[in-house]
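Here is the structure we will look at.
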């Protein structure tokens, strides 16, 4: 298995799953419409309205503590005006991907745990971005939802790898990305970044996904990558969390200008928001 694993490349892995997964059609329609300088808000709302289930989810999120608006949003058209076209486009992509990526569920990965970690990271990344400044919070939310997609791509094609990697993590007390690089010669972050690039999403999302374990490698979007890296640490399951005094965590907090009190508030708020929107997004 090890020899077979080393023969694989990130490009081959991504190419092999492209027939199974693609960007949701509703996202593509929203993107084409928003790129048209003559488009109207009603056109954007109309596209969302064609998917009643998605529209209902978007409205529930818009009326949750995630946004915290002071009044009830009654319609998709109103949500477009208040939340914003780009933010709703990102939200629609995040919600839709959970369903479309289910085609990669035969990976040996606990899919519920996978998406819960992704959502926790997304919610916390948005809150950190708002507290630290300098980056778009909604972009960080989407990056959080996308950052670990490489895990599904790798292990769907060789589910036994998931078991082997988990054993190495336990035996050698390694982090997942370290174990993957030792066994495969690359990690899930690199594979996820390549998938995002192949889909034609932004270079920012690709760099964030590709560098979220090694934020020092980010070149174009270092601050956003630092925010995602910190969120990923804070969102880790209890059994996978680094020690609170971990050098990376303290370094990231200092770099982003966040103190312990702010971090505690972010974690508490993030837990509450995640609990409220978990069933809306993850179903």
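What follows is calculated from the coordinates using simple rules that are stated; it is not laboratory data. Just so we're clear, the structure is a prediction, and the values are computed from it rather than from any experiment. All Cβ positions, glycine included, derive from the backbone under ideal geometry; neighbour counts span all protein chains shown.
Just to be sure I understand the model, the point goes 7 Å from the Cα along the line to the Cβ. What's the resulting residue 262 to residue 50 distance in nm?
4.3
Quick check: the angle from helix 222-234's long axis to the longest principal axis of the chain, C-alpha only, nearest 10 degrees?
Here the helix axis deviates by roughly 80 degrees.
Give me the distance between the Cα centres of the range 106-145 and the range 15-74, rounded to whole Å.
18
Please list the radius of gyration and Dmax for the range 179-223, considering alpha-carbon atoms only, with Å as the unit.
Values for the range 179-223 (Cα only, Rg and Dmax): 10.6, 30 Å.
What relative contact order, as a whole-number percentage, does the range 142-268 give when Cα pairs under 8 Å and 6 or more residues apart are counted?
Values: 122 pairs, mean separation 24.9, N = 127.
Contact order relative to length: 20 percent.
With a ≥ b ≥ c taken as the square roots of the eigenvalues of the C-alpha gyration tensor of the range 138-283, please select rounded if a/c is under 1.5 and otherwise prolate if a/b is larger than b/c or oblate if it is not?
Values: a/c = 1.39, a/b = 1.26, b/c = 1.11.
Rounded, because the longest to shortest axis ratio a/c is under 1.5.
Who wins for biggest fluctuation among 52, 222, 159 in a Gaussian network model of the chain, springs between alpha carbons below 10 Å?
52
Taking 8 Å as the Cα distance limit and 6 or more residues as the minimum spacing, I'd like the relative contact order of the range 1-135 as a percentage.
Values: 71 pairs, mean separation 34.5, N = 135.
RCO, the range 1-135: 26 percent.
Residues of the range 186-204 with amide nitrogen under 19 Å from the 7 Å Cα-to-Cβ point of residue 22?
195-202
Where does the chain land at 222 nm, in deg cm²/dmol rounded to the nearest 500, when only DSSP H runs of n ≥ 4 count, each adding -39500 (n - 2.57), divided by all residues? Display every interim value, and only then the final one.
Working: 17 runs with 200 residues, N = 283.
Helices in the chain give a 222 nm mean residue ellipticity of -22000 deg cm²/dmol.
Provide the gained length on full extension for the span residue 280 to residue 15, in nm with one decimal, where the gain is 0.36 nm per separating residue minus the Cα-Cα distance.
Numbers: separation 265, 0.36 × 265 = 95.40 nm, distance 3.10 nm.
Between residue 280 and residue 15, full extension yields 92.3 nm more.
Can you give the alpha-carbon Rg of the range 11-282 over 2.2 N^0.38 Å, where N counts its residues?
Numbers: Rg = 18.3 Å, N = 272, 2.2 N^0.38 = 18.5 Å.
Dividing the Cα radius of gyration by 2.2 N^0.38 Å gives 0.99.
Which whole-number percent is the relative contact order of the chain (Cα, under 8 Å, 6+ apart)? Intermediate results must be reported in sequence, preceding the final value.
Numbers: 357 pairs, mean separation 61.0, N = 283.
Relative contact order here is 22 percent.
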